[in-house]
Structures are given as C-alpha cells and as structure tokens.
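Worksheet: one structure, shown below.
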Amino acid sequence: MARIILENVGPFERKTIELKEGCLNIIGMPNASGKSTILKAIALALSYPYTSEFTRRAAARLGLWAEDPPQPMLRVGSNKGHLELEINGLRSVCEITYDDIFRKEGIGDDRSLFTCFASTESEFMREIAEGNPDLSQVVSALSLIDYYKRARIVAEEILNNIKYIHEKAKGALESKNELLTKKRNIEEELEQIKKRIEELSARRDSLIKSRDPKLWERLSTLRGELKGINGKIRKKEEDLEEVYKKLRREELEKLMKDKEKLENKLKEIQEEIEKLPFSGDREEIRKRMDVIDKEVTRLGTEYSKWDLMKRLLDEATKVIKGGVEGCPVCGSPTVNPTYIERKLSEVTSKLQKLEREIRNLHNEKDKLVKALKSLGELKNKEDSISSELNYLKKLIKEIEDNAARYKPVIESCKIDLEELKRKREDVLNEIKALEMSTKDISDELGKVSRGLDELRGKQGVLEEKLNEIKRELGSLEEHLEIMGIKVPAEKAVEICPRLIKSLEQLIEHLTDKIERQKADFAKRFNDAISHLLRDLQFELDAMIDPNTLELIVKREGKIQRLTSLSLSERAALALLIQIALKEAFLPDVPIFLVDEVILGFDRSRVERIINYLLEMAKNKGMTIVLTRLSDKEEVRVITDASSNFSLLP
C-alpha cells in the first residue's frame, strides 16, 4: 500500500490518500477540488530538489515550485505545509514554507518529472503539443550529458585562459630578448665611448694641470661633486625603475587592447541577439509561442467544425448523385443541388483559409523555435566571452590598484630626481664654462676639449636610449599566474603547451563522453518506444536521432512533422514517450502518474493504453495513479481489464 499525507497543501488542510500497488488507482473528484494537487504533491515528493535550469523551469510550469515566493503548493493563508509519501517501504518528506521547499527525509530525483508524471501542464507535453521535436533538454535531464557539457565548458574556459597566458608569456619573452639585444649593443657602444672619453679626459687634465694648477683644482672639486650627484641620480633612477617594474605598464596596455577586442566581440553578439524576434527576450518569445499554441488550438477546433460540415455536404452531394431523397444536412425531404454546391464552395473556401492561417502560425512557431536555439548558442558564446572579459578586468584592476598604491612613491622619486638633475646641470654648466676657457690655453687642449664634447653628446643620447630600454624591461611581467600559481614567464612558455595539450585531450574525452551518452540514450529510448508502440499497435513509429536528439516520427515508413499530427495524436505520443522514458531510465521508481492526459483520446486508444498500464502495474508491482472528473470524491481501483473502462468517462 502506498500513502500520501498532505497538510496545508493546495486546497487541503489535511488529506490522506491510500493507493494500491500492482493496479490502477483512479482518483475521481469534482472540478477544482484538488485531484491534480494530489498528483503534483506525489511528483514533488519524488523529484525535489531541482538541479538544473530546465528541471526548475519544468517544475515551475507544473506549479510544483517557484523561484520567487509564494510557493504554489502551499495552502493559501498558511505559513507552513507538509507532505509525506510512503511507497514500497520508502519514505519521502518535504516541508513547504512561503519562501521555499525543504526536504526533510528521503532523496529526490528530478528525473522523475520527465518519467513518472504525465500532465497536460508539463513542459514536456507542451513541447510535443507545440510540435517541437527537440528533446535535447529532456535527454540532458535524464543522462550525464549536462554534467559532461558543464565540465567541457569549464575546461574550454581554462583552455582559453591558458592559451591567452601562453601568448602573453611568449610575447613577453620575445620583447625581453629583443630589448636585451638592443641593451647589449648600446652597452658595448657606450663602453667604447667611455674608454675614449677616459683617454681624452686624461690627456686634457694633464694639459690643464701643467698650464693652470688653480683651474685644475676647481675642476677636480666640481667633478667630485658631479660624481656624487650622479651616484644619487642613479640610485633614484634604480628606485623608480623598480617601481615601474611593479606597475606593469606595458602589460596593462596589452590587457586594455585585449579587453577592447573582447568588448567588441560581445557587442557583436549582443547585436545579433537584438536582431532575433522580440530582441532575443526568451520570455517574450515563449509568450508568443503560447499565444500561437492557443490560436492554433482555437483554429483547430474551428477547422474540425467546418470539416464536419464539409463531410456532411460531401454526403449530400453523394445523395444527389445517387438519386436518394432526403438531405443529411437539414433533414429536408428534398435536396437543393444549387444550395449544396454553393454551401460546399463556401465551406471549402473557409477550410482553405483556416489551413493557411494554421500553416502561417506553424511557420512562425518554427522560426521562433529556431530563434530560441540560436539564442541559446549566442548566450553560450556571450557567457564564454563575458567570463574571459571578467578575467581580464580582474587583472587590469589588480594592476591599476597596484599603480594607485605606488603613485605617491613615484611622485616623490620624480621630485627628488628633478632636484638632483638641476644641481647636476648647475655643476655641469660650471664645468663646461671652465672647460671652454681651457680651449684658449693651447690649440692641442682646444682640440681635445672639442673631441670630449662630441663624445659626451653621443654618450648622453645612448644613455637615454639605455634608460628607456631598462624601463621597458622593468615593465615586462616576469611572473604569470597559471591556475592561481605564479610562475616565471620562461617557465610559463614551457608549461603552457603541456597544459594546452592535456586540456585539449580532456575536452576531446568529454566530447566523446557526450556523444556516447547521446548514442546510449537513443538506443535505450528507441528500444523502449519501439516495443511500446508495437505492443499498443499504434499507427505511428517514433525514434530519437542520436546526433541531433530530435524526435523522428514516421507513418507507414514516411517521416511526418510533429506539427502535421493531430493534437490528439501528439498528446498520445507524448504520453507514450514518457512511459518509454520511465521504463528505459527510471524503472526502479515504483509509481507512474497520469493527470487527465488520456481523457481526450478516443475509446479504442484509451482501452489500449489502460490495458498496457495495467499490465505494467501488475508485472512490475507499480502504483499507477490516474485522475478523472467525478461528481463525488472517490479512489477506485482497477485490477483487471474487464472492469476498467466503466470508471473512465
């Protein structure tokens, strides 16, 4: 015996329903009295919590759960609801508050939403009723495909980051090697100039010392001062260079360019989304699809009425041709051929107009379905680029925050440098004036002084170039962060290719896993649905394409679009697909719920489905629960095929 106990759930203050195993349980109640709530409560106890966006959306559509309060299963005016399900010795308990649902006992499996609960309100039934053959989300919910896809997305994000770091490390090393080569060449040239300056300076000093001892003494003092000032300048420049190194200016420039490129890509994707129907608003697209479904249903009903009229008029035409008296349309003892012909023309015209309207709506629906698929792909790209962009923004912020900390230090260094350079300039000017005066002492001394001036000019230019190269070297990033660990750029160039290869192999492995999951799902499902359709002598064949995960329907060996099937055929097919999914993927859950789905089927189809469910209940010891409209509240039990049909309308 299975039991469901409800407290402050739906319309019930307290309700206990006992269900029998190994047979069909028919819950009969008047309209709006809670029969669907009982099945939803069982489904909630079986399925909560919901682990993916698709299952959350499916649960929300069924009215089992809501992201925002209040929770739909909570009785109006109550603060807390409680439900218990006992079946085959297993116990499941959930507590419902205004804001959320809490599992108190047992383990929920959200796959049961798609395998154990057939309802006209369900996401799955809606998709099939709308003629959407894409079962990829249902497949993901019932397999490990989503898990592998999420793992692959993470691996791809890491791979993109590692590739970016590898390119950055290679660029940094190439820049470093190029700058080091330039630095070495300039240093060699400077060394030669310095030697020549030393030689000429020694010759000039010798000449001055021998010709004007007082001038020599003053020059020696000034040169000592100059040497001290230059030492201080070098120290300040080294300090400033160390700070610039920490600022990573060139890296920041490159990051800003990369950020701009990604922002442009993101803008392009957002523009593509904007071009989609309803500017890519998923909810608005779905609302329009719902409107189309309702309009198609309305037009389908109207079409059925006019089609019935056409069949009657066709019969009347046969009567005229056969010479039989009595009109099948109005019952008149005489048949007016002109009236029948005119009426038949009007009805045919009306049917053609309805067909066009329905076809146009189906075409619009197909476009919206494609738009949703494109939207999903674009959103995935948008998420991937946004993730990379956020990573870059994080790096940029780190560098900018770091720069802000060092700004006062840089300003202080610059002020000190300016002061020292001003002093040096004063000393140099005095030295230069004294050296200029030595040119008049002798022709030889003048020639030596001019040579020194020229060499010092070259030395100044080369030293400025050398300082610029040193600043550039200092701004290069010496260490790069790989998965939270800082490594030298040289090591990063060595490590990254190995990481890239490993990640590419992992992505290939995950892709293979996804394909294997799809193939395994398709095989298990196709075997189950084929067996089911054959046992029920259903006039259609169905299977899942393992590549596209789309439902393929055939009639007499020819592929049929879902939209070409009648609403009744689509509803029947959706129910049979859920039964097949239950038997293939969740056979151990001993319950199956059907909420008024079969009541719109013709009697023959109802009998075949009821017989199949009854055999399934008996052979597997399952509890199968159906609902029906009844004047009074009752739970009737069907144990054999001979007694079941009187219980259904």
Those residues of segment 41-54 that are assigned to a helix (DSSP H, G or I) and either over 29 Å from Tyr147 (Cα atoms) or in contact with a helix residue (DSSP H, G or I) (Cβ under 6 Å, 6 or more places away or on another chain) (or both) come to a total of 3
Here, strands (runs of 3 or more DSSP E) confined to segment 82-141 with at least 1 residues that are touching a Pro at 6+ places or on another chain (Cβ under 9 Å) and buried (at least 21 other Cβ atoms within 10 Å of the Cβ) are 101-105
Just give me the residues in segment 567-608 being touching a residue at least 40 places away in the same chain (Cβ under 8 Å) and either touching a His at 6+ places or on another chain (Cβ under 6 Å) or not in a helix (DSSP H, G or I) (or both), in sequence order. Leu586, Val589, Pro590, Ile591, Phe592, Leu593, Val594, Asp595, Glu596, Val597
Looking at Ile500, Ile485 in this structure, which one is within 33 Å of the chain's Cα centre (by Cα) and surrounded by 14 or more Cβ atoms within 10 Å (Cβ to Cβ)? Ile500
Can you find a residue in segment 201-213 that is over 30 Å from Ser384 (Cα atoms), among the aliphatic types (A, V, I, L, M) and touching a residue at least 12 places away in the same chain (Cβ under 8 Å)? yes
Filter segment 219-238 down to the residues that are of a type in the set (D, E, K, R) and surrounded by fewer than 15 Cβ atoms within 10 Å (Cβ to Cβ), then identify the one that is farthest from Glu472 (Cα to Cα). Arg223
Single residue of segment 254-280 satisfying the filter (among the acidic types (Asp, Glu) and in contact with a helix residue (DSSP H, G or I) (Cβ under 9 Å, 6 or more places away or on another chain)) that is surrounded by the fewest Cβ atoms within 10 Å (Cβ to Cβ): Glu274
Cβ-Cβ below 9 Å, separation at least six or inter-chain, first residue in segment 340-351 and modelled with pLDDT under 85, second polar (S, T, N, Q): which pairs? Ile340/Thr317; Glu341/Thr317; Leu344/Thr317
Looking at segment 354-377, is at least one residue within 30 Å of Arg126 (Cα to Cα), touching an Asp or Glu at 6+ places or on another chain (Cβ under 9 Å), polar (S, T, N, Q) and in a helix (DSSP H, G or I)? yes
On the given criteria, is Ile410 of a type outside the set (Gly, Ala, Ser) and more than 44 Å from the chain's Cα centre (by Cα)? yes
Of the listed residues (Arg636, Arg603), the one being basic (Lys, Arg) and in contact with a helix residue (DSSP H, G or I) (Cβ under 6 Å, 6 or more places away or on another chain) is Arg636
Can you find a residue in segment 66-76 that is in a loop (DSSP other than H, G, I, E, B), surrounded by fewer than 16 Cβ atoms within 10 Å (Cβ to Cβ) and among the β-branched types (Val, Ile, Thr)? yes
Considering only segment 517-534, I want to know if a residue exists there that is at pLDDT below 85, part of a helix (DSSP H, G or I) and buried (at least 19 other Cβ atoms within 10 Å of the Cβ). no
Leu180: in a helix (DSSP H, G or I) and surrounded by fewer than 16 Cβ atoms within 10 Å (Cβ to Cβ), yes or no? yes
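Rundown of residues vs (1) of a type in the set (Phe, Trp, Tyr); (2) at pLDDT below 90; (3) closer than 18 Å to Pro11 by Cβ, yes/no style:
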site: Ala41; (1), (2), (3): no, no, yes
site: Glu53; (1), (2), (3): no, yes, no
site: Ala59; (1), (2), (3): no, no, no
site: Leu62; (1), (2), (3): no, yes, yes
site: Gln71; (1), (2), (3): no, no, yes
site: Asn79; (1), (2), (3): no, no, yes
Out of curiosity, is Leu83 in contact (Cβ under 8 Å) with a residue 24 or more places away in the chain and in contact with a Cys (Cβ under 6 Å, 6 or more places away or on another chain)? yes
For Glu263: the one exception among (1) more than 30 Å from Glu472 (Cβ to Cβ); (2) under 20 Å from the mean Cα position of the chain (by Cα): (1)
Segment 142-162 - residue that is free of Cβ contacts under 8 Å to residues at least 40 places away in the same chain and farther than 20 Å from Leu262 by Cβ and, of those, surrounded by the fewest Cβ atoms within 10 Å (Cβ to Cβ): Arg150
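The values are calculated or read from the model by the stated rules, or taken from the named source; none is laboratory data. In this text, all values refer to a predicted model and were calculated from it rather than measured experimentally. Every residue, glycine among them, receives a Cβ derived from its backbone with ideal geometry; neighbour counts consider all protein chains shown.
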